[in-house]
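Trainee: Quick one: the structure is below, questions incoming.
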Amino acid sequence: MQKNQIKLEIQNCGFNFFEENLFKLDKEKINSNFDTYYKNQNFRKNNYKNIAIINYSEISETPFNRILKKINQIFIENKLSCNFESLWLQKSNKKFTNTNLKDLPFIPHIDKKRYLKVMIYLDDVAINSGPIHIAREQPSKFEPLRKSLPIDYKEKKKNVIKTVPLKNFVSCSGKFGTTIFFDTNTPHFAGQVKKNFLSRKVLRFNFIENKVKFKFFKIFH
């Protein structure tokens, strides 16, 4: 990638959505790598039935480290300072999908723990595949709410956002390789999965505030 080729505007509108194959991934090869690590029980020791988690200490020995290095370079070029925490390999199909569209995560909300997430589609994700919807809003607007969320915020739906019109949300459907950078302070919700949905695979790189330099949230405010 050339320097300054990828410009991020997350601090202003919450997310950037690139519909091209940003990291020039080979579909057959990356899906084979996904399947290998997804099936490895060493990475399935978590509370999720459809997610394999590769932590910071483990990723350097995996083929996904090449993508992480490119993401880090994009952050450097955009003067973002944050720490990689984990990579989620998420495989979704109907049996892992909640059908109550009036409940979380299918209604606009923010997350209690703030992340900068980088999601890469390893399948084509159409509107019937339940793509994520993200609002064009400045993340800093929702920081006071996030900090005030109590322990039982999910049960009481304290993280639900009702002040942002649905027209402000973008449906992030896209083909293989589509990449989304977004701050979880940005209102978002999961899309509805339709009857003809088969399955989808997503790489999700999770980043948190750099505790040493304290730059991550400054840049976002």
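Each value in this text was obtained by applying a stated rule to the coordinates, not by laboratory testing. What you see is a predicted model, and the numbers here were worked out from it, not measured in a lab. Quick reminder, even Gly has a Cβ in these numbers, built from the backbone with ideal geometry, and neighbours come from all protein chains shown.
Trainee: Taking only C-alpha pairs under 8 Å that are 6+ residues apart, what is the relative contact order of the chain in percent?
Mentor: So the answer I get is 36 percent.
Trainee: Add +1 for every Lys or Arg and -1 for every Asp or Glu among the other residues with Cβ under 11 Å from the Cβ of VAL164, and state the total. Present the calculation step by step, with values, prior to reporting the outcome.
Mentor: Numbers: positive: ARG136, LYS141, LYS162, LYS167; negative: GLU137.
It works out to a net charge of +3.
Trainee: Taking a quarter of the surface of the convex hull around the Cα atoms of region 37-167, what do you get in nm²?
Mentor: Quarter of the Cα hull surface area: 10.2 nm².
Trainee: Is the C-alpha gyration tensor of region 81-156 telling us rounded, prolate or oblate? Criteria: a/c under 1.5 is rounded; beyond that, a/b larger than b/c is prolate, otherwise oblate.
Mentor: Because a/c hits 1.5 or more and a/b fails to exceed b/c, region 81-156 counts as oblate.
Trainee: Obtain the nm distance between the two label points defined at ARG44 and GLU20 by a simple spin-label model: each point lies 7 Å from its Cα along the Cα-to-C-beta direction.
Mentor: Using points 7 Å along Cα→Cβ, the separation is 3.7 nm.
Trainee: Taking the Cβ of ALA52 as the center, what net charge do the other residues with Cβ under 9 Å away carry, scoring Lys and Arg +1 and Asp and Glu -1? Mind showing how you got there, number by number?
Mentor: Values: positive: LYS39, ARG44, LYS91; negative: none.
Counting the neighbours of ALA52, the net charge comes to +3.
Trainee: Please give, to one decimal in nm, the separation of the simple spin-label points placed at LYS27 and LEU145, each 7 Å out from Cα toward the Cβ.
Mentor: For the pair LYS27/LEU145, the computed spacing is 3.8 nm.
Trainee: What aspartates and glutamates sit close enough to LYS156 to cross-link, taking a C-alpha to C-alpha distance under 15 Å and skipping anything fewer than 8 places away on the same chain?
Mentor: Those aspartates and glutamates meeting the cut-off are ASP103, ASP111.
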